[in-house]
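Below is one structure, written out as structure tokens; comments come after it.
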Amino acid sequence: MLMTAPEYIESLRQLKTRVYMFGEKIENWVDHPVIRPSINSVAMTYGLAQDDEYKDLMTATSNLTGETVNRFNHIHQSTTDLVNKVKMQRLLGQKTASCFQRCVGMDAFNAMYSTTFEIDEAHGTHYHENFVNYLKYIQEKDYIVDGAMTDPKGDRSKGPSDQADPDLFLRIVERREDGIVVRGAKCHQTGSINSHEHIVMPTQAMKEEDADYAVAFAVPSDADGIYMIYGRQSCDTRKMEEGADIDVGNKAFGGQEVLVVFDDVFVPNDRIFLCGETEFAGMLVERFAGYHRQSYGGCKVGVGDVLIGAAGVAADYNGASKASHIKDKLIEMTHLNETLYACGIACSAEGKPTKAGNYQIDLLLANVCKQNVTRFPYEITRLAEDIAGGLMVTMPSEKDFRSDLPVGKNGETIGEVCNKYFAANPCCTTEERARILRLIENLCLGTAAVGYRTESMHGAGSPQAQRIMIARQGDLEGKKALAKTIAGITK
Ligand code: SF4
Ligand code: FE
């Protein structure tokens with residue numbers, strides 16, 4: 001059964017997830033002003049699935065049950081499914097101007113589905129069956145599951161079992177008849193608090209001696225031993241200020257990243273999807289990363305649409321929209337943004353079925369997509385700041401614009417002075433001008449910059465991770481052979 005957006009928010013209240021922020025335990029985290037916008041972003045994935053205009057894109061027919069499920073809980077059955085995934089992510093980026101967090105679970109499902117099939121084939125294990133049963137349960141409940149991959153990793157020159165502190169990579173600390181006990185942490189965990197469950201995966205390819213670290217499993221987010229420490233974002237406390245709605249830039253929506261700690265957490269046997277088969281850790285990582293690199297060709301493009309639109313509105317309000325260099329900058333922003341989208345669509349259209357039957361993106365093109373994402377949003381941001389003008393970072397607060405404290409010789413108030421000196425094109429009020437500039441500030445420098453800007457660099461793997469994959473998938477030898485043939489070289 002699909003949940004409505006309000007039902008989703010209510011379902012979070014049933015969880016006993018342990019959340020800490022600013023050194024304190026947060027009891028009512030669902031209504032906390034810093035956290036709630038991130039919940040609203042996830043809620044949009046539920047709301048649009050019930051909206052007649054979008055439900056075809058937002059839902060799919062489960063290959064496991066034949067029921068209608070949210071596309072975020074779907075196993076891709078075709079290249080059309082892969083393309084629709086990217087379109088859905090662009091739509092949600094447009095509607096929230098932030099990270100809507102649900103993709104990591106979707107990408108984990110699809111990587112896990114194909115990898116568990118191949119582990120079972122090699123080892124006679126039952127991980128695929130475990131996973132399929134688990135996913136049926138998630139689809140039926142319409143839960144959101146967080147895909148957790150990134151370990152703290154400690155000293156980067158050392159592997160998991162060589163670290164001074166063995167907990168710096170998540171590991172099995174006890175094997176029992178009925179399951180395993182795990183310890184460690186996952187960093188930069190998107191949407192962790194807003195998820196009903198977590199699927200945990202290894203963070204990198206593993207060697208034989210790392211068997212305790214080659215583990216994948218699912219647990220409820222409020223399982224005994226799990227707690228989360230909220231990652232702060234630039235300008236986050238503006239969300240806690242009274243009378244600063246405009247200053248926040250995007251009052252309704254936001255992203256969320258946390259440190260999630262697994263403090264000796266028990267995992268029952270039927271929720272284990274990998275347990276010591278080290279040679280499959282790399283496959284799982286590569287597939288999950290590939291899907292998530294495809295994802296960025298959708299979500300970042302949708303947020304980019306909002307930023308380009310905001311820059312266009314700022315140009316109108318400044319009275320600068322007819323200047324040819326402004327028009328050209330907006331064209332450049334659009335060109336860069338659509339290039340990212342083209343990559344997201346291309347790696348989807350070139351997808352192929354896996355042994356398990358679900359569809360996987362073209363890995364080379366997905367990595368090229370993400371490599372471009374590590375660059376283009378920075379240029380789009382630079383151009384947006386250029387068009388917006390310095391006022392986006394020098395403007396007084398909303399409270400100043402609303403203040404009736406007299407300051408001028410003729411009794412003019414702070415509000416009147418601000419409104420006088422920040423008036424521009426009469427097509428807009430100063431409040432409208434402030435709103436659009438604060439939105440640009442939010443996307444370029446504020447809380448949304450986590451999801452749009454720095455996450456474009458490091459999310460789904462830092463740039464070098466894609467270059468390694470591009471080197472591996474790029475078939476340089478094949479290209480050399482082409483050149484030799486054309487040049488008439490026969491050896
Ligand atoms: Fe989804 Fe993008 Fe957020 Fe990743 S960064 S969870 S792909 S919205
Ligand atoms: Fe991400």
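Quick note: the coordinates plus some simple rules give every number you see, no bench work behind them. Everything quoted here is computed from the prediction, not taken from an experiment. Please note: Cβ atoms are built from the backbone with ideal geometry, for glycine as well, and neighbour counts cover all protein chains shown.
Please label the shape of segment 224-342 as rounded, prolate or oblate, based on the square roots a ≥ b ≥ c of the eigenvalues of the alpha-carbon gyration tensor (a/c under 1.5 means rounded; beyond that, a/b larger than b/c means prolate, else oblate).
Oblate shape, in that a/c is at least 1.5 and b/c is the bigger or equal ratio.
Could you give the Stokes-Einstein D for the chain in µm² per second, using the C-alpha Kirkwood radius, 25 °C, 0.890 mPa s?
103 µm²/s
As I understand it, the value is the acute angle between the Cα axis of helix 376-388 and the longest principal axis of the Cα atoms of the chain; what does it come to in degrees, rounded to 10?
Approximately 10 degrees, to the nearest 10.
Each residue of segment 412-426 in order: what ³J(HN,Hα) in whole Hz does its phi give by Karplus 6.51 cos²θ - 1.76 cosθ + 1.60, θ = phi - 60°, with x for Gly and Pro?
4, 8, 4, x, 5, 5, 4, 5, 5, 8, 10, 6, 9, 3, x
Taking amide H positions as placed in the peptide plane 1.01 Å from N, state which residues far from residue 198 in sequence (5 or more) or on other chains have amide H under 5 Å from it.
Those qualifying (amide H under 5 Å, at least 5 residues apart or on another chain) are 146, 219, 221.
Could you work out the relative contact order of the chain? I mean the mean sequence separation of Cα pairs under 8 Å and 6+ apart, divided by the number of residues, in percent.
18 percent
Between segment 118-167 and segment 454-491, how far is it from one alpha carbon centroid to the other, in angstrom?
A separation of 29 Å, based on Cα centres.
Enumerate the calculated ³J(HN,Hα) couplings along segment 271-283 in order (Karplus 6.51 cos²θ - 1.76 cosθ + 1.60, θ = phi - 60°), each rounded to whole Hz, writing x wherever the residue is Gly or Pro.
Using θ = phi - 60°, the values come out as 10, 9, 10, 6, 8, x, 7, 3, 5, 9, 4, x, 4 Hz.
Taking only DSSP H segments of four or more residues, each worth -39500 (n - 2.57), what value at 222 nm results for the chain once the sum is divided by all its residues, to the nearest 500 deg cm²/dmol?
Here the helix-only value at 222 nm equals -15000 deg cm²/dmol.
Show me, for segment 285-301, the HN-Hα J-couplings you get by feeding each phi into the Karplus relation (A = 6.51, B = -1.76, C = 1.60, θ = phi - 60°), rounded to Hz, glycine and proline as x.
Once rounded to whole Hz, the list reads 4, 4, 6, 4, 4, x, 4, 6, 6, 4, 3, 5, x, x, 5, 5, 5.
Trypsin sites (Lys or Arg not before Pro) within segment 89-192: which are DSSP loop residues with at most 14 other Cβ atoms inside 10 Å?
156, 158
What's the angle, to the nearest 10 degrees (0 to 90), between helix 36-47's Cα axis and the longest principal axis of the chain?
70 degrees
For a test of the definition: using alpha carbon positions, the gyration tensor, and the 1.5 limit on a/c, classify segment 119-186 as rounded, prolate or oblate.
Prolate.
For residue 426, what charge total do you get from the other residues with a beta carbon under 15 Å from its beta carbon, if Lys and Arg give +1 and Asp and Glu give -1?
It works out to a net charge of -1.
What's the angle, to the nearest 10 degrees (0 to 90), between helix 363-373's Cα axis and the longest principal axis of the chain?
It works out to around 20 degrees.
Report the GluC sites (Glu not before Pro) located in segment 24-53 that are in a DSSP loop and have at most 13 other Cβ atoms inside 10 Å of their Cβ, or state none.
Listed in order of number, the matching sites are 27, 53.
Please get the size of the charge dipole for the chain, origin at its Cα centre, with Cβ charges of +1 on Lys and Arg and -1 on Asp and Glu, quoted in debye to the nearest 20.
For the chain, the charge dipole is close to 1560 debye.
For residue 328, what charge total do you get from the other residues with a beta carbon under 15 Å from its beta carbon, if Lys and Arg give +1 and Asp and Glu give -1?
Every neighbour counted, the sum reads +1.
Can you give the net charge of the other residues whose Cβ lies under 15 Å from the Cβ of residue 406, counting K and R as +1 and D and E as -1?
-1
Roughly how many whole Å is it from the C-alpha centroid of segment 396-414 to that of segment 257-286?
57 Å
Hey, can you grab everything whose amide H is under 5 Å from the amide H of residue 206? Only 5+ residues off in sequence or another chain; H modelled, so Pro and N-termini drop out.
281, 282
Which cross-chain or sequence-distant (5 or more) residues have an amide H under 5 Å from the amide H of residue 262, H modelled 1.01 Å from N in plane?
Those lying under 5 Å, H to H, from residue 262 are 184, 185, 186.
Counting other Cβ atoms within 10 Å of each Cβ, which trypsin sites (Lys or Arg not before Pro) in segment 322-375 have at most 11 and sit in a DSSP loop?
Here the trypsin sites (Lys or Arg not before Pro) that fit, given the DSSP loop and packing criteria, are 322, 355.
Can you list the cysteines of the chain that have no other Cys Cβ under 4.7 Å away?
Within the chain, the cysteines lacking a partner Cβ under 4.7 Å are 99, 103, 187, 235, 275, 299, 347, 418, 427, 428, 444.
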